Amino acid sequence: MLSWLDTIDHQFFLAVHLWRNSFFDLQMPLVSNRWLWIPLYALLVFLVWKRFRMKSIYIVIAVALLVLFSDQTANLLKNSTKRPRPSYDEALAGQVITPLGRGGNYGFVSGHAANSMAVALFLWLLSGAQKDFPASRRRKWWLLLFPWVILVCWSRVYVGVHFPFDVLGGCAVGALWALVFWFLLRRIIFR
């Protein structure tokens, strides 16, 4: 069963990774760069502050801890599963293009995917606590964070540093931590 999943993962990786063009060759390394997203992070902090005022301090601290936990869980899983990144996989020798470098030896799970999913899901869940807005308006704008997650995940496969299951695993880790932090924050701040 595992060899079958590995074969599917390799095939899906090659389908995404080798579907190259000059536009994506320039854009995907930028999308994978964490520093590119600083304006988005600043906008998110502003929007949280605008909606939650004094509670926003707790929310920003929670998001920082959430990213720390999801990132460290991703690192722990990478070091315990020891699944090679595509650029280190012998079956893909010579087929992987890595414009950002090969990355560390291991890739399961993606820290980029874990962190982006954790932030997106946590803020989307948090948006439900905006009592002064109708229920239909509370969460709809925060849904725009999920295309960002998909773009980040796709970029990690495109630049050759993760397999698709690496980013799916990262999304699962991020979602789990987002739910845990939302549950705790809801109990502490939004009683």
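The values are calculated or read from the model by the stated rules, or taken from the named source; none is laboratory data. Here the structure is a predicted model, which is why all the values come from computation and not from measurement. Every residue, glycine among them, receives a Cβ derived from its backbone with ideal geometry; neighbour counts consider all protein chains shown. To get the accessible areas, we keep the full protein, side chains included, count just its heavy atoms, and leave off ligands, DNA and RNA. Shrake-Rupley method; radii C 1.70, N 1.55, O 1.52, S 1.80 Å.
The set of residues in region 69-83 being open to solvent by less than 90 Å² (accessible area, probe 1.4 Å) and either out of contact with any helix residue (DSSP H, G or I) (no Cβ under 8 Å at 6 or more places or on another chain) or part of a helix (DSSP H, G or I) (or both) consists of F69, S70, D71, T73, A74, N75, L77, K78, S80, T81. On the phi < 0 side of the Ramachandran plot, open to solvent by 40 Å² or more (accessible area, probe 1.4 Å) and in a helix (DSSP H, G or I): is that true of L184 in this structure? Considered against the rule, which asks whether it is on the phi < 0 side of the Ramachandran plot, open to solvent by 40 Å² or more (accessible area, probe 1.4 Å) and in a helix (DSSP H, G or I), L184 comes out as yes. Total residues in region 1-49 satisfying the condition of being over 15 Å from T98 (Cα atoms) and either in contact (Cβ under 8 Å) with a residue 60 or more places away in the chain or of a type outside the set (S, T, Y) (or both): the figure is 27. State all residues of region 97-125 that are of a type in the set (G, A, S) and crowded, with 24+ Cβ neighbours inside 10 Å; if no residue qualifies, say none. G107, S110, G111, A113, A114, S116, A118, A120, listed by residue number. For I189, the conditions (1) over 15 Å from F69 (Cα atoms); (2) open to solvent by 50 Å² or more (accessible area, probe 1.4 Å); (3) β-branched (V, I, T) are fulfilled apart from (2).
What are the residues in region 23-35 that are under 18 Å from V161 (Cα atoms) and not basic (K, R), if any? If the condition is that a residue be under 18 Å from V161 (Cα atoms) and not basic (K, R), then F24, D25, L26, Q27, M28, P29, L30, V31, S32, N33, W35 are the ones that fit. Summed over region 84-96, residues that are part of a helix (DSSP H, G or I) and either out of contact with any helix residue (DSSP H, G or I) (no Cβ under 8 Å at 6 or more places or on another chain) or crowded, with 22+ Cβ neighbours inside 10 Å (or both) total 4.
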